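S.K.: I am attaching a structure below and will ask some questions about it afterwards.
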Amino acid sequence: MIVSSESALYAATESDIIVGVKVSRNATTESDFIVGVMDTGIWPEAESFKEEGFGHPPKKWKGVCDGGKNFTCNKNIVGARYYLTDSARDFWGHGTHCASIVARSPVKDVSFYGLANGTARGGVPAARITAYKVCDLDFGCSSDSIMAAFDDAIADEVDIISISLNGFFRSEPHFYIDPIAIGAFHAMKKGILTSQSAGTIFNSYKVGPVSSVAPWIFTVAASTTDRRIIDSIVLANGKKLVGHSTNTFTLNGTNFPLIYGKDASRTKCSQMLACICWEGCLDPDLVKGKIVVCEKNARFPGAYRSGAVGIIFVNFMNETFSQVLPFPGVNLITEELNVVKSYMNSTRVPQATILQSEVIKDVDAPLVSITSRARR
């Protein structure tokens, strides 16, 4: 079964009328609900996991708080385990993010440097969390860690397992060697449902293969919300082009010279690598004080570390998500990048400025992934 991440999150948790069905809330029942999150760990000091308003953990809880050195659980994060390193602490951010989607306590006045202000909360704010760190930046996600985490989660008697990991056997669903499918099967036999991300390419709502295809797993697809972050560039000829990026920086309306990445290539690199702004392939002396125009699947860290003022790069899959950038930048679809290139070829000193991002309402939301099952 494949559902939208939005419907999975809200349909079972909101007291409002959702898609024509009124869903009631029961804080006592929700507080007895324990979610096992298998990911990159968790950051226990995050305000999302404060314990105010929580009672003691459910009596049925059989787990432990084995988070390693300087790691403390509370009445919200009731348990933690790690398998690859010496701590359940999340140094990547993905596990903390996914845990907060499930069971984050309401945090008011949240924004990204003023963008998208509002109250952040999880689907079931009163639920408890136990974190199983099966992935790490240095070691990746190991099959033996995932299998061990499923065994522990079953023994701990969690109510549901959330695992936003995929990529195992994307083209051929060999369940007997897929650690998530195996673990989820054993959990299912004990009455514990596993919810897994669908695994569509790049978390996209475009067409893509699904790696989570085991029939005993609740598969959740990507979807959009009605709030979109956009950014714009204004060419020196007055033409404004709108793209996507989360850019909190400002150039104060000042125009800066534009330069192709391929024209700023270091001699040790090919023009192809410079064209996509590959790190180490841009000459700092040529890009300093300029906005770099990169093509294809651009690597913005290369332009940033070379001292460029900003970057314009191509959104080659026509995505609507907005990457967080460390400096001014805009991600344009191919057609609009071609407008920039045409302008650059029409004038001797092409210039532009990049505006700060803004938040708009997406009237087309929600859009859900168009997925195809893996080949059998």
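S.K.: Within the group SER111, SER105, SER142, which residue is touching a residue at least 24 places away in the same chain (Cβ under 8 Å) and either more than 17 Å from ALA88 (Cβ to Cβ) or surrounded by 17 or more Cβ atoms within 10 Å (Cβ to Cβ) (or both)?
M.R.: Being touching a residue at least 24 places away in the same chain (Cβ under 8 Å) and either more than 17 Å from ALA88 (Cβ to Cβ) or surrounded by 17 or more Cβ atoms within 10 Å (Cβ to Cβ) (or both) holds for just one of SER111, SER105, SER142, which is SER105.
S.K.: What pairs come up if the first residue lies in segment 153-167 and is charged (D, E, K, R), the second is not in a loop (DSSP other than H, G, I, E, B), and their beta carbons are under 6 Å apart, counting only those six or more places apart or on different chains?
M.R.: ASP159/ILE34
S.K.: Among ALA149, ALA187, ALA153, ALA181, which is the only one that is more than 24 Å from ARG89 (Cβ to Cβ), modelled with pLDDT of 95 or more and touching a strand residue (DSSP E or B) at 6+ places or on another chain (Cβ under 8 Å)?
M.R.: Just a single option satisfies the conditions, and that option is ALA187.
S.K.: While we're on this one: For segment 30-47, which positions are exposed (fewer than 15 other Cβ atoms within 10 Å of the Cβ) and not in a loop (DSSP other than H, G, I, E, B)?
M.R.: If the condition is that a residue be exposed (fewer than 15 other Cβ atoms within 10 Å of the Cβ) and not in a loop (DSSP other than H, G, I, E, B), then GLU47 is the only one that fits.
S.K.: Report the residue count in segment 101-140 for those that are within 20 Å of ASP66 (Cα to Cα) and hydroxyl-bearing (Ser, Thr, Tyr).
M.R.: 2
S.K.: Could you please tell me which pairs satisfy a Cβ distance under 7 Å, a separation of 6+ or placement on different chains, a first residue in segment 275-295 that is small (Gly, Ala, Ser), and a second residue that is assigned to a strand (DSSP E or B)?
M.R.: GLY289/PHE256
S.K.: Right, here's the next one. With the condition kept exactly as written, say whether any residue in segment 121-128 is aliphatic (A, V, I, L, M), assigned to a loop (DSSP other than H, G, I, E, B) and more than 24 Å from GLY199 (Cα to Cα). Reasoning before the result, please.
M.R.: Within segment 121-128, the subset aliphatic (A, V, I, L, M) is 124, 126-127.
Narrowing the set further to residues that are assigned to a loop (DSSP other than H, G, I, E, B) leaves 124, 126-127.
Checking which are more than 24 Å from GLY199 (Cα to Cα) leaves us with 126-127.
Yes.
S.K.: Also, quick follow-up: If you check LYS60, LYS69, which single one turns out to be basic (Lys, Arg), farther than 11 Å from ALA131 by Cα, in contact with a Ser or Thr (Cβ under 7 Å, 6 or more places away or on another chain) and in contact (Cβ under 8 Å) with a residue 12 or more places away in the chain? So that I can check it myself, show each step before the final result.
M.R.: Numbers: LYS60 fails: in contact with a Ser or Thr (Cβ under 7 Å, 6 or more places away or on another chain).
Exactly one of LYS60, LYS69 is basic (Lys, Arg), farther than 11 Å from ALA131 by Cα, in contact with a Ser or Thr (Cβ under 7 Å, 6 or more places away or on another chain) and in contact (Cβ under 8 Å) with a residue 12 or more places away in the chain, namely LYS69.
S.K.: Residue check, PRO58 against (1) at pLDDT below 90; (2) more than 26 Å from the chain's Cα centre (by Cα); (3) surrounded by 13 or more Cβ atoms within 10 Å (Cβ to Cβ), all met but one. Which one?
M.R.: Condition not satisfied by PRO58: (1).
S.K.: For THR130, all conditions in the list (1) touching an Asp or Glu at 6+ places or on another chain (Cβ under 7 Å); (2) of a type in the set (Val, Ile, Thr); (3) within 30 Å of ASP362 (Cα to Cα) hold save one; what is the number of the exception?
M.R.: If we test THR130 against (1) touching an Asp or Glu at 6+ places or on another chain (Cβ under 7 Å); (2) of a type in the set (Val, Ile, Thr); (3) within 30 Å of ASP362 (Cα to Cα), just (3) comes out false.
S.K.: If GLY55 satisfies every condition in (1) within 21 Å of LEU193 (Cα to Cα); (2) in contact with a helix residue (DSSP H, G or I) (Cβ under 9 Å, 6 or more places away or on another chain) but one, which is the exception?
M.R.: With (1) within 21 Å of LEU193 (Cα to Cα); (2) in contact with a helix residue (DSSP H, G or I) (Cβ under 9 Å, 6 or more places away or on another chain) applied to GLY55, the lone miss is (1).
S.K.: Tell me, which residue of segment 108-127 that is over 17 Å from the mean Cα position of the chain (by Cα) and hydroxyl-bearing (Ser, Thr, Tyr) is nearest to LYS361 (Cα to Cα)?
M.R.: THR119
S.K.: Here is a follow-up. Within segment 48-78, can you find the residues that are within 23 Å of ASN26 (Cβ to Cβ) and in a strand (DSSP E or B)?
M.R.: ILE77, VAL78
The values are calculated or read from the model by the stated rules, or taken from the named source; none is laboratory data. Please read all numbers here as calculations on a predicted model, not as lab measurements. Cβ coordinates were reconstructed from backbone atoms using ideal geometry, including for glycine residues, and neighbour counts include every protein chain displayed.
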